[in-house]
Amino acid sequence: MMQPTCPVCQSGYVRRSPRAGMFENILSLLYVYPFRCQLCSYRFTALQWGIRYATHQDLRQYERIGVRFPVLFGNGQVVGKGTVTDVSVGDCAIETAVQLNRGDALKLELFAKSGRPPIIVAQAVVRSVRQGQVGLQFVDVEETEKARLNRLVADMVGAFIAPVQEPAEPASRIPEETPH
């Protein structure tokens, strides 16, 4: 059976989602399972005739893609820089020497493409912290920035989505020193 395609953006870059509730558990008996588009975030169900999936253990909604690019982050109490090590349209992981705690809310500037303005995530929340590695969930991303983030992920996986108008202003410079 072929992998389903997203009914909204027609992307084949979808991932099976955990079942939510009794209705989806009953549907799975009929080979209908939930999926989430990894580009436009749309959640949908699709028939997978003859395929039985085990109970979904991974609760992450988005598949992360390994990358390495700079990030600046901050809030009223902390400012720092680091390196994004993997990214999706809904979250990322960064390496940083700055001490962050679960639940911290941060603004992010993702410098994913050289010579282009950073992708701005207005608010991301720290979901995990492990020895210099921080997992962040994107909570508030403006539509234009979300489209740029979707384009970045699509380019990395070779998926097709409609072109995005990039901002015209020059990229800001990443500071050499981070204030403490």
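The values are calculated or read from the model by the stated rules, or taken from the named source; none is laboratory data. Note that the structure is a prediction, hence the values are computed from the model and not measured. Cβ sites come from the backbone with ideal geometry, for glycine too, and all protein chains shown count toward neighbours.
Summary of values
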| item | result |
| --- | --- |
| Number of the condition not met by Ala97 [criteria: (1) at pLDDT 90 or above; (2) touching a helix residue (DSSP H, G or I) at 6+ places or on another chain (Cβ under 9 Å)] | (2) |
| Residues within the range 62-87 that are touching a residue at least 40 places away in the same chain (Cβ under 8 Å) and assigned to a strand (DSSP E or B), tallied | 13 |
| Close pairs (9 angstrom Cβ cut-off, 6 or more residues apart or separate chains): not assigned by TED's automatic domain parsing to the domain that holds Tyr33 in the range 1-15, of a type in the set (Lys, Arg) anywhere | none |
| Residue selected from the range 25-63 under the condition of a type in the set (S, T, N, Q) and modelled with pLDDT under 80, by the criterion nearest to Glu143 (Cα to Cα) | Gln61 |
| Test result for Ala147, outside any helix (DSSP H, G or I) and either at pLDDT below 95 or loosely packed, with under 13 Cβ neighbours inside 10 Å (or both) | no |
| Top-ranked residue in the range 5-51 [being aliphatic (A, V, I, L, M) and part of a loop (DSSP other than H, G, I, E, B); ranked as farthest from Asp155 (Cα to Cα)] | Leu30 |
| Test result for Ile51, exposed (fewer than 14 other Cβ atoms within 10 Å of the Cβ) and within 18 Å of Arg36 (Cβ to Cβ) | yes |
| Some residue of the range 88-101 being outside any strand (DSSP E or B), in the same structural domain as Gly135 (by TED's automatic domain parsing), among the hydroxyl-bearing types (Ser, Thr, Tyr) and closer than 28 Å to Arg15 by Cα | yes |
| Enumeration of residues in the range 112-131 that are in a loop (DSSP other than H, G, I, E, B), over 15 Å from the mean Cα position of the chain (by Cα) and closer than 18 Å to Arg64 by Cα | Lys113 |
| In the range 100-134, the residues that are within 24 Å of Arg36 (Cα to Cα), surrounded by fewer than 20 Cβ atoms within 10 Å (Cβ to Cβ), of a type in the set (Gly, Ala, Ser) and modelled with pLDDT of 95 or more | Ala122 |
